[in-house]
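Report on the structure given below.
The values are calculated or read from the model by the stated rules, or taken from the named source; none is laboratory data. Note that the structure is predicted; figures quoted are calculated from it, not measured. Backbone-built Cβ (ideal geometry, glycine too); neighbour counts: all protein chains shown. Note: accessible area is taken over every heavy atom of the protein model, side chains too, but ligands, DNA and RNA are not part of it. Shrake-Rupley method; radii C 1.70, N 1.55, O 1.52, S 1.80 Å.
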Amino acid sequence: ERLEGGRSPLFGLRFAAPLLAPAAAVASAWGAAPHCLVPALVFVAVPLLDVALGEDRSPPAGGGRSSGGGLGGLASASSERLYRLAVYAFAVAATLQLGVSACAFCQAVGEGALAEAAALALSAGVVGGLGINAAHELCHGRPAERRACRALLACWAYTFWATSHLAHHALVGLPGKDCATATRHETVWGFAARAPGKNLGQALAFEERKGRPRWRALCSYAAAPAAIAAALTVALGPAALVFYVAQAAIAVFLLEAVNFLEHYGLERADASAAVTPALSWNASWPASNALLFNLQRHSDHHSQGRAGAHYQTLRDMEPAQAPRLPHCYPTMILLSLVPPLFAAKMDTAWKRYQAASAETGIGVQ
């Protein structure tokens with residue numbers, strides 16, 4: 001049900017949830033919370049809350065660009081501003097926690113507390129994975145937001161992903177061409193290992209088609225991450241560079257693990273075939289969607305004309321419209337680390353989708 005003004009009872013959760021991870025990371029860095037708090041929050045507490053709440057099949061919260069979905073205006077303008085503010089606030093919080101965690105990491109290394117240092121890097125990397133998701137929301141926004149997206153991605157040395165992701169929307173479902181579409185025979189380990197190089201190549205090809213020389217694109221991709229790495233090293237010493245690289249590697253792995261899930265085994269015949277919701281796995285678990293800016297309603301994000309829709313307007317899909325993941329993203333990421341278990345789960349989910357929709361136009365290879 002919706003409350004007065006178009007807000008659902010989950011409105012507060014949707015606004016506040018993304019800030020919990022960077023807040024927990026800062027608390028851990030300051031010694032006010034266990035160093036395992038962030039991974040425990042994301043990979044244990046949130047999935048358990050999803051199970052307790054059950055799937056959220058309710059209509060979108062509304063507001064913002066509906067991009068043809070007819071969903072704008074369901075919520076007030078003030079609600080729309082709050083939803084957008086949540087993205088900006090998370091971007092700032094994630095950036096600030098990077099500096100705080102770097103200081104704590106260097107202190108831990110100096111004291112010989114290597115386990116503590118590793119936990120701090122892991123926590124910062126998990127926040128970084130969430131941060132790249134916020135950058136994804138900005139990537140589809142106005143020009144100023146797209147610039148902010150690139151600046152945010154520099155925190156994890158993945159600036160070129162903003163460009164490769166735009167190409168991904170045209171190439172989704174074509175594993176030979178799209179670096180973010182995984183085949184059924186791949187594992188997350190192999191996919192994540194090849195993804196950075198493939199993303200860079202896809203981004204450079206996209207830039208070249210736009211008339212921008214590759215060398216100039218490479219320089220622009222490298223400038224901000226190099227500046228951050230240099231600043232941390234000068235300010236805090238060589239250990240800060242180790243921290244920056246480690247947390248960036250974890251963040252990028254988590255991003256690519258999510259990419260692996262989102263289109264796993266879903267293919268179209270060729271580039272002339274339409275991009276439909278059935279090319280993306282869908283999920284509507286409320287707690288994890290609040291944490292992830294509704295990223296799990298990914299089928300609607302890839303619907304015709306919906307790439308620019310603000311996250312709170314993304315729609316759930318019926319079981320016959322798009323395949324549904326059996327669990328939320330955090331749980332599915334953990335399952336993907338054990339490929340046979342993950343494959344068995346996904347095969348079952350695919351058969352359930354086939355039973356719900358006899359004619360999908362999509363083949364699993």
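Things to note:
- Condition broken by residue 309, with the remaining ones in (1) buried (at least 18 other Cβ atoms within 10 Å of the Cβ); (2) more than 29 Å from residue 142 (Cα to Cα); (3) not aromatic (Phe, Trp, Tyr) satisfied: (2)
- Matching entry among 92, 44, 26 (being at pLDDT 65 or above, farther than 28 Å from residue 334 by Cβ and open to solvent by 10 Å² or more (accessible area, probe 1.4 Å)): 92
- Verdict on residue 269 being open to solvent by 30 Å² or more (accessible area, probe 1.4 Å) and either under 29 Å from residue 157 (Cα atoms) or in a helix (DSSP H, G or I) (or both): no
- Yes/no for residue 122 being in contact (Cβ under 8 Å) with a residue 40 or more places away in the chain, open to solvent by 10 Å² or more (accessible area, probe 1.4 Å) and closer than 17 Å to residue 35 by Cβ: yes
- Some residue of the range 207-214 being surrounded by 20 or more Cβ atoms within 10 Å (Cβ to Cβ) and either in contact (Cβ under 8 Å) with a residue 60 or more places away in the chain or in contact with a Pro (Cβ under 6 Å, 6 or more places away or on another chain) (or both): no
- Residue ranges of helices (runs of 4 or more DSSP H) in the range 283-356 with at least 1 members touching a helix residue (DSSP H, G or I) at 6+ places or on another chain (Cβ under 8 Å) and under 22 Å from residue 190 (Cα atoms): 329-336, 339-356
- Selection status of residue 110, crowded, with 21+ Cβ neighbours inside 10 Å and either within 18 Å of residue 40 (Cβ to Cβ) or touching a Gly at 6+ places or on another chain (Cβ under 9 Å) (or both): no
- Within the range 172-194, being closer than 14 Å to residue 262 by Cα and either out of contact with any helix residue (DSSP H, G or I) (no Cβ under 7 Å at 6 or more places or on another chain) or part of a helix (DSSP H, G or I) (or both) holds for 174, 175, 181, 183, 184, 186, 188, 191, 192.
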